[in-house]
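For reference, the structure discussed in these notes is given below.
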Amino acid sequence: MLPFFTQDHARLQAQARSWTDKHLFATHGNEDLEQRARTLVRHFGAAGFLKHAVPKQFGGVQEKVEARALCILREELARGDALADTMFALQGLGSYPIALTGNDEQKRRYLPKVASGAAIAAFAITEPEAGSDVASLQMTALRQGEQFVLNGTKRFISNAGIADFYVVFASTEPEKKAKGVSAFIVDATTPGLAVTEKTQLLSPHPIGVLKFTDCIVPQGALLGTEGDGLKIALETLDLLRCSVGAAAVGFAQRALEEAIRYSKARRQFGRAIGEFQGIEFKLADMATELEAARLLVYQAAWAHDVGNSDAKQKSSMAKYYATEAAQRIVDQALQIHGGSGLIAGSIMERLYRDVRALRIYEGTSEIQKVVIARGLLK
Ligand SMILES: Cc1cc2nc3c(=O)[nH]c(=O)nc-3n(C[C@H](O)[C@H](O)[C@H](O)COP(=O)(O)OP(=O)(O)OC[C@H]3O[C@@H](n4cnc5c(N)ncnc54)[C@H](O)[C@@H]3O)c2cc1C
């Protein structure tokens, strides 16, 4: 058991591991991506995993949403299936702004449904011209009496088209730039909101473009105070960032397991390839990097949960290191599989595609390094 865990964490890890082994190691054939995504959310609701994405008062298990529980679940689910990890993570990402700053009515309306798997959440900040530089977003939400009128485009929005609601970031006072951004809960059925593109990525992931055209939401859709939008977005990402590292650890763990199995089974030159020092050294490097990544991730999650002042920097280090290390580990595991690792649909080919996005979303590796360096230089 890791030093950052309580007995409850160890139990959750064991439960998530056996659930994953039982439910996520099957092949998925040609099942429709969106259908499978919806089914996974319902299964997570039934298994009780989504209770870790919301506070106790609104259907959860802990008083506050805990980074360690999110990391444990993401690591174990990613070990089984990338889409499972995505669908779990997005329930947290799309609902945490509500847990953080929603009023009682907003929390009661959305959070219990997120916890039971009855509603699918999404988080929409990225725009065609605002990626890493989120503060430069162009979408507006101009006040008109007791309502706001939303206009603009969001791209790379996970769960576009299958979400029941989106937490959307838009400028209520464009002249104030970053300080004029506010957050809104927008139900998927709101007139003026359209999913104009479903984007196909390297790895299965429901994602697309949202277009808002004179989309009217009531005052009651505003989250927190006007102008607090970016703060809400950044605090949400502060919780979730180390969990991206945890997903990387899950993919890397699976890659290592597959590489060990193959090294024992595959024979060349009259012996198992695992008996060649060239392969042994690869496995040793992979296992060492994986262990370092896991320790960084859970240290960062613990620092967040106990409120350490350097939690933000630690979670950037964890995300940066774990996602880059996982890429190297998966690549070496594929190398160990030789040509078999390239066969479309094989586990290694899947992992090779699945691991790539983690170095980009929720802050690229370069942006994590900017955060780490600024912390050092301030
Ligand atoms: C799988 C996936 C899921 C996503 N889900 C969501 C979602 O649900 N909601 C949402 O709002 N967004 C989502 N995104 C968007 C994601 O957060 C952005 O893609 C990410 O922030 C990077 O923005 P960009 O793609 O526009 O790249 P850019 O910001 O254009 O960056 C391009 C390159 O320039 C580098 N760069 C930029 N600025 C600097 C700098 N200051 N110093 C050094 N290098 C720099 C970057 O590191 C990158 O290598 C998702 C993306 C992916 C891939």
Review point. What do you reckon, is THR20 at pLDDT 95 or above and β-branched (Val, Ile, Thr)?
Key: yes
Revision key, fill the gap. Of GLY224, GLY220, the only residue that is over 18 Å from ILE329 (Cα atoms) and surrounded by fewer than 17 Cβ atoms within 10 Å (Cβ to Cβ) is GLY220
Practice item. Report yes if THR199 is within 15 Å of the ligand (Cβ to nearest atom) and in contact with a Lys or Arg (Cβ under 8 Å, 6 or more places away or on another chain), otherwise no. Key: yes
Check your understanding: Restricting attention to the stretch 259-268, does a residue exist that is more than 23 Å from the chain's Cα centre (by Cα), in a loop (DSSP other than H, G, I, E, B) and surrounded by fewer than 21 Cβ atoms within 10 Å (Cβ to Cβ)?
Key -> yes
Review point. Which one is farthest from the chain's Cα centre (by Cα) among residues in the stretch 127-173 that are more than 11 Å from the ligand (Cβ to nearest atom) and aromatic (Phe, Trp, Tyr)?
Key: PHE148
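The values are calculated or read from the model by the stated rules, or taken from the named source; none is laboratory data. Since we're looking at a predicted model, the values are computed, not measured. Positions of Cβ are generated from backbone atoms using ideal geometry, with glycine treated the same way; all protein chains shown enter the neighbour counts.
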